[in-house]
Amino acid sequence: MPDLPNGLTDLPNELIEPPRLVWPTAAVRDSYLAGEGADARRDGTPTDWIGPASEDFEAYVAKRRGVLTRWAVPSTMFWYVSGEHYIGTFVIRHRLTPELAEVGGHVGYHVVSTWRRQGHATRMLAEGLEECRELGLERVLLTCAHDNEASRRVILANGGVPDGQVRGEDRFWIDIEPPKGDAAGPGFRA
């Protein structure tokens, strides 16, 4: 069991309310730090962000809200949450650079290990594609590591059409119907 902050001893397997995409929020502080921290330690990725995030989570969250430049393009980050439970992250890159057109694509997402294998990634991508529609994207590129069968299934379940492989990444395109009526912009939820 990963180390959990503030005396938490367990994370529930069942959620009281359906998860949804929201702006990053301090309401999920403990479960975010527990889930992302445990995954970073397990995967051997940098953990130097944990201390500063723990000390001032409001500031950490503020740096992730809104349309920001990431990967040299405008990008919007959402967290997939249910109440106080952080489940994963969904990022939309509003356009492609030549690099992103090969590897990375318009969309990046992940579910923390505690919540995997429960259908969350499939539902998160479906909801995220609605956000892509609201941004005016009509076709989105997704890529995943060739050996990432779980992500491949998630993309295919959401209408992904295979488009070969580049640098060890499988590529998929998903066509999105344009919004009906007067689109007021991204459907961000607090």
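What to note about this one:
- Debye equation applied to the C-alpha atoms of the range 51-136, log10 I(q)/I(0) at 0.15 Å⁻¹: -0.63
- Working from Cα pairs under 8 Å separated by at least six residues, relative contact order for the chain is 19 percent.
- Within the chain, longest stretch clear of exposed GluC sites (Glu not before Pro) (DSSP loop, no more than 14 other Cβ within 10 Å): 15-83
- Taking L100, L129, L15 as the candidate residues, the one with maximal mean-square fluctuation in a Gaussian network model of the chain, Cα springs under 10 Å, is L15.
- Gain on full stretching of the segment that runs from E58 to E149 - 0.36 nm per residue minus C-alpha separation: 29.2 nm
- Only DSSP H runs of four or more residues enter the estimate; each adds -39500 (n - 2.57), and after division by the residues of the chain the mean residue ellipticity at 222 nm equals -8500 deg cm²/dmol.
- Gap separating the Cα centres of the range 35-95 and the range 96-132, nearest whole Å: 14 Å
- Kirkwood hydrodynamic radius of the chain, Cα pairs, Å: 17.4 Å
- Computed from Cα atoms, the angle from the helix 29-43 axis to the main principal axis of the chain rounds to 70 degrees.
- Label-reachable residues, the range 133-155, where backbone N falls under 12 Å from a point 7 Å from A72's Cα toward its Cβ: none
Each value in this text was obtained by applying a stated rule to the coordinates, not by laboratory testing. In this text, all values refer to a predicted model and were calculated from it rather than measured experimentally. Using ideal geometry, Cβ is built from the backbone for each residue, glycine included, and neighbour counts are taken over all protein chains shown.
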